[in-house]
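Values quoted throughout were computed directly from the atomic coordinates according to the rules given, and no laboratory measurement underlies them. The structure displayed is predicted, hence computed values, not measured ones. Cβ coordinates were reconstructed from backbone atoms using ideal geometry, including for glycine residues, and neighbour counts include every protein chain displayed.
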Amino acid sequence: VRKSLLGKIGKQSRAWKGNSAGYVAKHSWIVKFHGNATKCENTSCKYKNPKRYEWANLSGKYQRELSDYVQLCPSCHRKMDIRKITFQQLCDL
């Protein structure tokens, strides 16, 4: 890698794809800039101490905005994705 490319992140990077970035890239972005998920934000979650948490996308558009993601335990994340329900519907279960 040339010296001129080192340390270039975000829009300064030649590899920047913006909103065309893929699923993995956008999930990596949220972890890099906002850290690992640390709790389940579903108020009706039955699991009190899951081993891990995940970032779940709310809109399905995978925007680079924190407001487009919510922290969930894997069980709640799967329920939301498989049933194709909104976060509010998940909380009302």
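Multiplying the sequence separation of THR86 and TYR47 by 0.36 nm and subtracting their Cα-Cα distance, what value in nm do you get?
Separation in residues times 0.36 nm, less the Cα-Cα distance, equals 12.1 nm.
Of the GluC sites (Glu not before Pro) found in region 29-93, the ones in coil according to DSSP and having at most 15 other Cβ atoms within 10 Å of their Cβ are GLU65. The phi torsions of region 78-90, fed into the Karplus equation with coefficients 6.51, -1.76 and 1.60 and a -60° offset, translate into couplings of 5, 4, 5, 6, 5, 7, 6, 10, 7, 4, 4, 5, 4 Hz, rounded to whole numbers, with Gly and Pro shown as x.
The H on the amide N of TYR69, modeled in the peptide plane, is under 5 Å from the matching H of LEU58, each at least 5 residues off or on a different chain. Taking amide H positions as modeled 1.01 Å from N, with prolines and chain starts lacking one, the residues under 5 Å from ASN42 and 5 or more places away or on another chain are CYS73.
Backbone phi angles across region 45-58, fed through the Karplus curve with coefficients 6.51, -1.76 and 1.60 (θ = phi - 60°), yield HN-Hα couplings of 5, 8, 8, 8, 9, x, 6, 8, 10, 9, 8, 10, 7, 8 Hz in residue order; Gly and Pro are listed as x. Summing +1 for each Lys or Arg and -1 for each Asp or Glu, what net charge is found among the other residues whose Cβ lies under 14 Å from the Cβ of TYR53? Taking every other residue near TYR53 into account, the sum is +3.
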